[in-house]
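Trainee: Pasting a structure below so you can have a look.
Only the coordinates and a few stated rules stand behind these numbers; no lab work does. Quick caveat, the model's predicted, so the values are computed rather than measured. Cβ placement follows ideal geometry from the backbone for every residue including glycine, while neighbour counts extend to all protein chains displayed.
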Amino acid sequence: MPVTGPGSCRSIAGTLAGWVRSAVAPVAPSQLELPPGSPLTVRTDDGAVISGRAVGCGPRLVVLAHGWTNDSRVWSRVVRHLVGEGHRVVVYDQRGHGASTIGTSGLTLSALAGDLAAVLEHVQADKAVVAGHSMGGMALQTLAAEDPGVLRARVRALALVSTACDGLARYGTPFDRLIAAGLCRLVGVRSIGRATANGFVGPLVVRPVVGVEPDSSDLRTVGAMFAATPARVRRTLLAAMQAMDLGGSLGSLDVPVLVVSGSDDVLTPPARSRRIAQVVPQAHQVLLPGTGHMLPLEEPDVLASLLAALGRGLAPAEAGRLAAAPVAGRLASAADASLEGAG
């Protein structure tokens, strides 16, 4: 039952005020820019040009694949943390995103998987940790299903962040197909891109993809990246993800897998991550409380710590326990502060 009265009105007013502050707050440059590094240009067999960057020079390699309607900048905080800890990090723009072109194979998960394989070969990856966020995780799983030898030869461990292996077109209604088709048409409307680019409207549109305490610059960053992704790319790749059904192909994956999800993720809810952990033999799921879909922006330090632990050879479950400690400490501190404020 909804609660009304002065308290609830103040709460609503506070929420609206927060949205307004999010809309007008400036975006710090460090939120948008990767650390300096060496540019990468990878030409695929179908003529796509994949643009990326190698940062740092440590002995352990981490390769990061971003999600749908993002670009490599979404990993900037994670990259800074990893490089500071002595890792070499490679990030790249998925085809059709950022500075990367599409190629003749078009916009499919198989094409994205081929791009990832090409990047791993280009950088001569050996015992690398590879992380994929959202669509990047789906590209990683597609590579595991279609060409598992690449992972066996070049990868030590995988991290699947805020992603799924199936079920994106199921919304729990008899009209699932109609809803899925409608969403594809909606995200392909050019005016949606213009709206998310707007400094006031954009944060309101993308607010559901982050957790309970979003950073104002994160909202604007996510909106700007969505707007920068061509409408055809948004529409076509969403349809590809909705048609995806990889669960039956992952049972033979013999690489350690850490599955990371946010408790408040509305795009790929924790149940989707749990499904991956159930079908992959060496998988372990980590749930981060109070976070949404954009974990590279919301929990970059935790993600970086997880990836670094995998790079040191820790099993996914052990890496997950290490990452849980700082999260639990932060939640306890927040609870204490709340109690003090109530007192």
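Trainee: Name the long-range amide H neighbours of Gly96: under 5 Å, sequence gap of 5 or more, or other chain; modelled H, no Pro or chain starts.
Mentor: Thr101, Ile102
Trainee: Then there is this: Per residue, what volume in Å³ does the Cα convex hull of the range 188-322 take up?
Mentor: 115
Trainee: Quick check: the distance between the Cα centres of the range 173-209 and the range 58-90, to the nearest angstrom?
Mentor: 28
Trainee: Please grab the % of Cα pairs in the range 9-338 that end up more than 36 Å from each other.
Mentor: The answer is 13 percent, as a whole percent.
Trainee: A further question follows. Treat the count of other C-beta atoms within 10 Å as a stand-in for reagent exposure and order Leu34, Leu310 from fewest to most.
Mentor: Ascending number of Cβ neighbours within 10 Å: Leu34, Leu310.
Trainee: Right, another one. Along the range 54-64, what does the Karplus equation 6.51 cos²θ - 1.76 cosθ + 1.60 (θ = phi - 60°) give for ³J(HN,Hα), rounded to whole Hz, x for Gly and Pro?
Mentor: 10, 10, x, 9, x, x, 9, 9, 10, 10, 10
Trainee: For a quick check: with amide H placed at 1.01 Å from N, whose amide H comes under 5 Å from Ala65's, ignoring anything fewer than 5 positions away on the same chain?
Mentor: So Ala65 has HN proximity to Ala131, Gly132, His133.
Trainee: Still on this structure: Just to confirm a number: summing +1 for Lys and Arg and -1 for Asp and Glu over residues other than Ala65 whose beta-carbon lies under 10 angstrom from that of Ala65, what do you get?
Mentor: Taking every other residue near Ala65 into account, the sum is -2.
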